[in-house]
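Read the figures in this text as sums done on the coordinates, not as results from a lab. Computed from a predicted model, the values in this text were never measured in an experiment. Reconstructed Cβ throughout: ideal geometry from the backbone, glycine too, with neighbour counts over all protein chains shown.
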């Protein structure tokens, strides 16, 4: 993929995810990334605001160097900072996000070229509730399944950075073993949403759809309970040719 186009798409996606009216993030929350090739990827600089996205808030990092942190021994905060600094292609560029490690792993998955991690208010209302897993396991309308997959991968709160990356890696492995496909949505309790896409547009669509899903789930829960779709209906929607066409349209 053309490096300039990758960066342009990442800037656009990040700015859209950071729009205040969406209530996906505030201040320096969230981070985004895009695969350049098998060797390097772009990731948002630490502390940068998504709503002010421009080319200069993204850092090019070495994929292999970051992946080593995911698989190696436990690291201190100082060691993590040092390793992330050393992974920069340009040693004079900004500091990469502390979440760079999970971005590195997710961008190695087949078909995943863009990742968006946000903290949507509607999503975190549920993720910070005691009934989060019960509520978020519900499949409630077709587009939730079309754009966000069979079900989300839900993880407990884990220390952001290397520990979270390791939890995500293990969670994805177990998800693939169970479902035979990759998750499109990863939800971390008391933290936020991670959307995985082939294109920047797909990440935006997944984030918007899950934000809507969370609002509907919270409203239905408050109005007496959630009416879920059956497993048979979920499987039918996920495999319908017309719905597959709509899903593939986002990858163009």
>> Between helix 162-179 and the chain, what is the angle of the helix's C-alpha long axis to the longest principal axis, kept within 0 to 90° and rounded to the nearest 10?
In response: 40
>> If neighbour count is taken as other Cβ atoms inside 10 Å, put 210, 49 in order from fewest to most.
In response: 49, 210
> Which one of 144, 163, 227 has the biggest mean-square fluctuation once the chain is modelled by GNM with Cα springs under 10 Å?
Replying inline: 227
> Per-residue ellipticity at 222 nm for the chain, helices alone: DSSP H runs ≥ 4 residues times -39500 (n - 2.57), over residue total, nearest 500 deg cm²/dmol?
Replying inline: -14000 deg cm²/dmol
> When the chain is modelled as a GNM with alpha-carbon springs shorter than 10 Å, which of 70, 148, 181 fluctuates the most?
Replying inline: 181
> Can you give the alpha-carbon Rg of region 63-156 over 2.2 N^0.38 Å, where N counts its residues?
Replying inline: 1.38
>> Please arrange 105, 141 by how many other C-beta atoms lie within 10 Å of their C-beta, fewest to most.
In response: 141, 105
> For 119, 103, what ranking results if the residue with the fewest other Cβ atoms within 10 Å of its Cβ goes first?
Replying inline: 119, 103
> Cα gyration tensor of the chain, axes a ≥ b ≥ c as square roots of the eigenvalues: rounded (a/c below 1.5), prolate (a/b > b/c) or oblate?
Replying inline: prolate
> What residue among 39, 139, 151 has the largest mean-square fluctuation in a Gaussian network model of the chain, using Cα springs under 10 Å?
Replying inline: 39
> Against the longest principal axis of the chain, how steep is helix 200-222, in degrees 0 to 90 to the nearest 10, with axes from Cα atoms?
Replying inline: 40
>> How tilted is helix 77-86 with respect to the longest principal axis of the chain? Cα atoms for both, answer in degrees (0 to 90, nearest 10).
In response: 70
